[in-house]
1. Report relative contact order for the range 74-226 in percent, whole number only (criteria: Cα-Cα under 8 Å, sequence separation at least 6).
2. Quote to one decimal, in nm, the extra length available between ALA377 and SER331 on full extension: 0.36 nm per residue of separation minus the C-alpha distance between them.
3. Can you tell me the order of 334-341, 358-365 when each peptide is scored by its average per-residue count of other Cβ atoms within 10 angstrom, highest first?
4. Just one of (1) 108, 52, 45; (2) 61, 50, 43; (3) 64, 49, 36 is Cα extents along the principal axes in Å as worked out from the coordinates here. Which one is it?
5. Of GLY272, LEU214, ALA258, whose Cα points farthest to the positive end of the dipole of the chain (charges on the beta-carbon: +1 Lys, Arg; -1 Asp, Glu; origin at the Cα centre)?
6. Report the normalised scattering of the range 146-301 as log10 I(q)/I(0) at q = 0.13, 0.17, 0.20 Å⁻¹, calculated by the Debye formula with identical scatterers on the alpha carbons.
7. For a quick check of your reading of the filter: which GluC sites (Glu not before Pro) in the range 337-385 sit in a DSSP loop and have no more than 14 other Cβ atoms within 10 Å?
8. Would you mind telling me the antiparallel percentage of the DSSP bridges in the chain, rounded to 5?
Amino acid sequence: MGRDNRRPHRAARRLGLRLGLSLWLALALVAAPLAAEEEALVVLSWGGAYERAQRAALFAPYTAATGRQVSVQQYDGGIQALRRAVAAGEVPWDLIDMTRSEAMAACDEGLLAPLAPEWLAPAPDGTPAEEDFLPGALGRCALTHSLFATVIAYRTDAFPGRRPTRIADLFDQQRFPGPRALQDTPAVNLEWALLSYRVPREELYRLLSTRRGLDLAWARLDGLDEIRWWRAGDAPPRLLAEGEVVMASGYNGRFFEAMIQGDAPIEILWDGQVQEHETWAIPRGAPHPEAARDFLRFATATERLVELARRIPYGPARRSAAGRVTTHPESGVDMRLHIPTHPLNAERAVTKDETWYARTRPRIQALFDAWREAREARRGPAANTVTPSDPNE
């Protein structure tokens, strides 16, 4: 009788154990993705075609090789958010893909962790990384991985019988009428304005360091009747494709995608292109600094830079990678002809003086903002429209 009474209790205990095990497994399945997300490498990048190329050439292969996920967040430039995060001691990112001028400014403020060349992989033939990377690529706090260009693109159907051939045509509204789209920043716009006066490239930054040079630049820019200012990189190709402007400044990679993938009726004007270094930087106080260094070694290896350049036409910062770039994996387009550093494209290129910008950024930005306000007061808001980014990009 007592033995029979114990049977229901044993059955209840077994049922309780099964329920407990099921509950534990359910909780583990829920917690696993959360843990994986917590351990993911958090990267700030620029979105659009550039980020898609990075996902295919860098992020997905890194996850396949290491098992660590890469979580990508949107970045539109500037160091204000980084400054606030470091000051609060709550840095959420492990790596930032940033222009070298901004990286230099952030480094000077102590917002970035120092880097060491010995972290980097040698070239396939054994050449040390320090010898394989281009001059100036290895910075104190940032590592150049690619060279991109800000260029002018134009609609091929906007000017029957003629096409722009030089940067001065950006300001020639008689021969090339219509609204322009320019980035809402002094950088590059100032250089182009002075180039239109035929100022030698070697003299640009010396002249921009004077009031006379800046006044000449403001006057040239002020001569444009209608400017659509943009802040997000997706805006220029979209404005051109939709026919809202006839010329636009923008990143050569964005225009490439619009031309090749989107079949937009646009062409790039390489004259006066302003080349700039794109870098990887580790913010001070990054949650996973060792993983960030591991990713740097992986993502800047020769084969990874080749694969990135095959998907987005930016020049690799390693000599061993530049000669290995071939065709786009989907369209079969020869990517070498679309890279800013190709000799045919770089003949009249301007190398952005990032040291000058890092040193003068607050003053030049304040002067630019004051000029913008004065222009709007004289001409009205219609001549100074700011274009938002595409939420679907």
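The values are calculated or read from the model by the stated rules, or taken from the named source; none is laboratory data. Model, not experiment: these values are computed from the prediction. Note that we place each Cβ from the backbone using ideal geometry, even for glycine, and neighbour counts take in every protein chain shown. Ligands, DNA and RNA are excluded from the accessible area calculation, which covers all protein heavy atoms including side chains. Shrake-Rupley method; radii C 1.70, N 1.55, O 1.52, S 1.80 Å.
1. About 14 percent, as a whole number.
2. 11.8 nm
3. 334-341, 358-365
4. Matching entry in (1) 108, 52, 45; (2) 61, 50, 43; (3) 64, 49, 36: (1).
5. ALA258
6. Those come out to -0.67, -0.97, -1.21, one per q.
7. Hits after loop and neighbour filter: GLU347.
8. Details: 27 of 46 bridges.
Antiparallel: roughly 60 percent of the beta bridges in the chain.
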